[in-house]
Structures are given as C-alpha cells and as structure tokens.
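J.: Take this structure first; my questions come after.
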C-alpha cells in the first residue's frame, strides 16, 4: 500500500505565508531554500528555533546580492512566518501532528497574541515561581491546603518545551480539545502524558515533590516506593493517601478534617460527640 501523502509540510506552510516560488537559485525555489535552510524541512525545528533566529534568517536572505540568491519578501510575510512557528509549537506541545492540518493563516492575530503570552511567561517564570514557592509539606499542614499551592507553583515553571509543568499532575488524563485561554491553560489540558518530553518533565516534577517532602518522612516514603522518577505517579500516590479513591475520597478528607479539630470532653453537645461526628461527615 502506498504511503499517504501528508496534508501539510513545512514548505506548504511557508507558501501559504507568502514566501515566493521564484527566482530559482541553485536549482531550488526560494520557498524550498527557506524550508531547508531555516527549518531543515522539519516541524520539530520550531521548538528550538527562536523568533530572533527567524527574523535574522529572513533579513539575511533579503540582503544577499541578486547573483547569490537574494529572496524578496513582501511586507507582512515575516509576521506570517512567525505565526507559523507559534502554531507549530502549539500543535507539537499538544501532541498533535502538524502534517495533518494545513496552517490556519486566518488565525495570525491570535497566534501572535499566544506568542506574546509565551514570551512573557518565559521571561517572568523565575520571578513568579520564586514568589509562589510553597512551604514544605509537613504533618501540621492539611493536604487540601498545601496541594493547590504546589500545583500553582509548578504552573509557573516551564517544562523542556515550554509547557507549564502542572500538566504532569493534571487530574484528567484525557486531553481537553476545548480552546482555553491563556494559551498555557490549553497546554496544561492537552499536553500528552507519554513520550520523551513527558518523561523529562515528569522526572523534574518528581524531584520538586521530593524537595517539599523532606519534613514529612511518610510522604517521602510513599512516593519513593510508588515510582522511580515519574512525578505523575508519585503525585497520584499522595492523592490516594490523602484524598482516597472513588466514593471514599470525600469521606476520608472530611474525616481527617474533623479528627484534626476534634475536642473531646464527654458525650455531651455542643462538644464533639459521635452523633455530631457522623453528621459532619455527611455534610
């Protein structure tokens, strides 16, 4: 059976952006040269190439002597190419194959908005994460109070491809195709939980978890015995410990909260008695 031709290629996307097909130089059209020399004809290049790299490459082509293959770019083409880079990053970060979908040239404004959000996120990540760093978890803290602080903290830390690390521990393993804003919320909801990128990010989450559990030996033991380096498996082990599973989850949380504040002075209301304890668990 013949292989199915891809719906989209890097060169096809650049053609949509307005990179010209002429003049031919060295047996190649301008769009072919840009696809090969800037992007190596690979969508994955968009994850490592910077916007400045793209701008510099375009400027370099325009400054070549005509005899050396100068490429004339019409106004607006650079902006479209940069939008293409952002679109490709989003497709890859969300586990989608860019060869299956034509570049949506009509989304240029949104793509530049997303790019700006990503740039700001990366610039501010260290500062904001430092400010949001949670306290170490210990026996004197409630899991339901501490867990959101840890989740919010790793929402501010970019993973290896720029996705906030919080995707590793999201509660719903199934991707949510709903378009969410800001773009990082969309990444968290859709990034695949398998693959090399995930493995590296999950390892980092595991390491971060350990750093916040040094004052809680029981928790440290739980995650060390649940996995070697997978932060998602380790986090789920803690969720099971403190929240339970299924129908028992709410009861476990409620029971721990009631017990934590239990004051016994005999079976007389208004102090805690067995009937009140049971009632608290049902509400």
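J.: Taking Rh as the Kirkwood radius computed over C-alpha pairs, what is the Stokes-Einstein D of segment 92-193 at 10 °C in a medium of viscosity 1.306 mPa s, expressed in µm² per second?
T.: Diffusion coefficient, whole number: 105 µm²/s.
J.: Here is a further query. Provide, as a two-decimal number, the C-alpha radius of gyration of segment 5-120 over 2.2 N^0.38 Å, N being how many residues it has.
T.: Against the compact-globule rule of thumb, the ratio is 1.03.
J.: For residue 112 paired with residue 194, estimate the spin-label separation in nm (one decimal), with each label point 7 Å from Cα along the Cα-to-Cβ line.
T.: With each label point 7 Å from Cα toward Cβ, the separation is 3.9 nm.
J.: Quickly rank 147-159, 205-217 as a protection proxy: mean count of other C-beta atoms within 10 Å, highest first.
T.: Highest-to-lowest ranking by the protection proxy: 147-159, 205-217.
J.: Could you sort the peptides 194-202, 82-90 by per-residue average Cβ neighbour count (10 Å cutoff), highest mean leading?
T.: Ranked from most to least packed, the peptides come out as 82-90, 194-202.
Each reported figure results from applying straightforward, stated rules to the coordinates on display, with no laboratory input. What you see is a predicted model, and the numbers here were worked out from it, not measured in a lab. Reconstructed Cβ throughout: ideal geometry from the backbone, glycine too, with neighbour counts over all protein chains shown.
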